[in-house]
Amino acid sequence: MDKLDFGYYNMDCMAGMKLFPDKYFDVAIVDPPYGINAPNMAMGTNKSRTKNGYPAESTASRLKRSGQVKEWDSEPPTEEYFKELFRVSKNQIIWGGNYFNLPPTKCFVVWDKVQPWDAFSQAEIAWTSYNLPAKLFRYSNTGGANSEKRIHPTQKPIALYEYLVGAFKLSGGVVLDTHVGSASSLIAYHRTGVRFVGFEIDTEMYEVSNARLEREKAQLSLFDLGMERNGDE
């Protein structure tokens, strides 16, 4: 198979990356498994609630009720993955970079989740290859107008990826996402005019997230015609 066109593919990213020449992508923005069993961590609970007989519930447990959970995040990416990632991209933004053996950088991205609970991480960190000052993005995704329906254990908000597009001036560029998951990244790129190639190896997750992406595309088409657009589902 020759080089893939822009789009979203249900395939192993290792096989997919091999189809692209060196430094093809302006940047790879990726959120690979960290190898810390994140789906089974308790989220959004506090100690007093647990003491009162309402045990913390993991994201995996919540998604299991809807049949949307898989074995995920048990192993970190291999050394070969990072070699291929750096080969095909000029720059990299890697979520969970604090868990991986990556070169020193001064340009970390910190997502402050603006949440008071100390039972789970209040921020997430991305390692980047950019020679720029560190960046801070404050955004709560735990309720209210910012809330998005969760379809993936480590789903990140669309607004986070929209922020990255602006902060790193990516509009009109070409971006790679090796572990698409919920498709929040691809929705943000579609909204901001960024060309992308995305991979998701799990067929069921691909189908759910691709449907989410297609709904977004359909809503934008209606919006272009002057019809009201609904919020993300």
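The values are calculated or read from the model by the stated rules, or taken from the named source; none is laboratory data. As the structure is a computational prediction, the values presented were derived from the model and not from experiment. For neighbour counting, all protein chains shown are included, and Cβ atoms are generated from backbone atoms with ideal geometry for every residue, glycine included.
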remark   = Picked from the range 172-189 (must be closer than 21 Å to Phe20 by Cα and without any contact (Cβ under 8 Å) to a residue 60 or more places away in the chain), the residue farthest from the chain's Cα centre (by Cα) is Gly172
Residue, surrounded by the fewest Cβ atoms within 10 Å (Cβ to Cβ), within the range 87-101, restricted to residues that are closer than 23 Å to Gln155 by Cα and hydrophobic (A, V, I, L, M, F, W, C) = Phe100
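Quick one: count up the residues across the range 102-120 that are more than 23 Å from Ala28 (Cβ to Cβ) and of a type in the set (Ser, Thr, Tyr). Give the derivation first.
Our first condition is that a residue be more than 23 Å from Ala28 (Cβ to Cβ); within the range 102-120, this holds for 112-120.
Adding the requirement that they be of a type in the set (Ser, Thr, Tyr) leaves none.
Looking only at that region, the number is 0.
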request  = Please work out which one of (1) more than 25 Å from Tyr99 (Cβ to Cβ); (2) at pLDDT 95 or above is the condition Thr50 fails and give its number.
outcome  = (2)
message = Looking only at the range 4-21, count every residue that is closer than 20 Å to Ala188 by Cβ, of a type in the set (A, V, I, L, M, F, W, C) and not in a loop (DSSP other than H, G, I, E, B) and tell me the total.
response = 1
Residues located in the range 116-142, provided they are modelled with pLDDT under 80 and either under 14 Å from the mean Cα position of the chain (by Cα) or farther than 22 Å from Val208 by Cα (or both) = Pro116, Trp117, Asp118, Ala119, Phe120, Ser121, Asn141
